[in-house]
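Worksheet: one structure, shown below.
Since every read-out is calculated from the coordinates, none of them should be taken as a lab result. What you see is a predicted model, and the numbers here were worked out from it, not measured in a lab. Ideal geometry is used to build each Cβ from the backbone, glycine not excepted, and the neighbour counts take in all protein chains shown.
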Amino acid sequence: MAPASDQGAVLEDLGYGNAMYWPGPDAPIHALRDAITMTALVLRAGQEIVPGFGFILPAAEAQRFAAAVPSARVVEIGANRYAPTHDDSVATIDAFLRTS
């Protein structure tokens, strides 16, 4: 059996994850926020990936992002990370695109 994932994409995700959970206010991921100069939409899954496993985007980090990027809109969706086509997600993206 051969992996179907692109190695570069997997390594990029690994690097992002390491930066995301770097403790403290000087985490490398925070420097990227300054590069966001246009309206942005962040959908945050309001349910854990798997019960007890945690969130891809913790609530506190979503709040920090919203405070640091005034042009961003953070919306919590009542689904987990594996339900990106949840009705709330589709409606939120549609509304965002119509008003941006």
Sites residue 39 and residue 5 - FRET efficiency at Förster radius 30 Å, r taken between beta-carbons, to 0.05: 0.45
The set of residues whose placed amide H lies less than 5 Å from the amide H of residue 41, leaving out same-chain residues fewer than 5 positions away, is 73
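With N set to the number of residues, divide the alpha-carbon radius of gyration of the chain by 2.2 N^0.38 Å and report two decimals.
Numbers: Rg = 15.1 Å, N = 100, 2.2 N^0.38 = 12.7 Å.
This ratio for the chain stands at 1.19.
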Helical mean residue ellipticity (222 nm; -39500 (n - 2.57) per DSSP H run of 4+; nearest 500) of the chain: -12000 deg cm²/dmol
Farthest toward positive dipole pole in the chain [+1 Lys/Arg, -1 Asp/Glu at C-beta], among 70, 28, 51: 70
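Remind me, relative contact order of the chain in percent, using alpha carbon pairs under 8 angstrom and six or more residues apart? Walk me through the numbers before you get to the answer.
Working: 86 pairs, mean separation 25.3, N = 100.
Result for the chain is 25 percent.
Stretch residue 91-residue 59 to full length: gain in nm at 0.36 nm per residue minus the Cα-Cα span? Don't jump to the answer; show the numbers that get you there.
Working: separation 32, 0.36 × 32 = 11.52 nm, distance 2.11 nm.
Gain on stretching residue 91 to residue 59: 9.4 nm.
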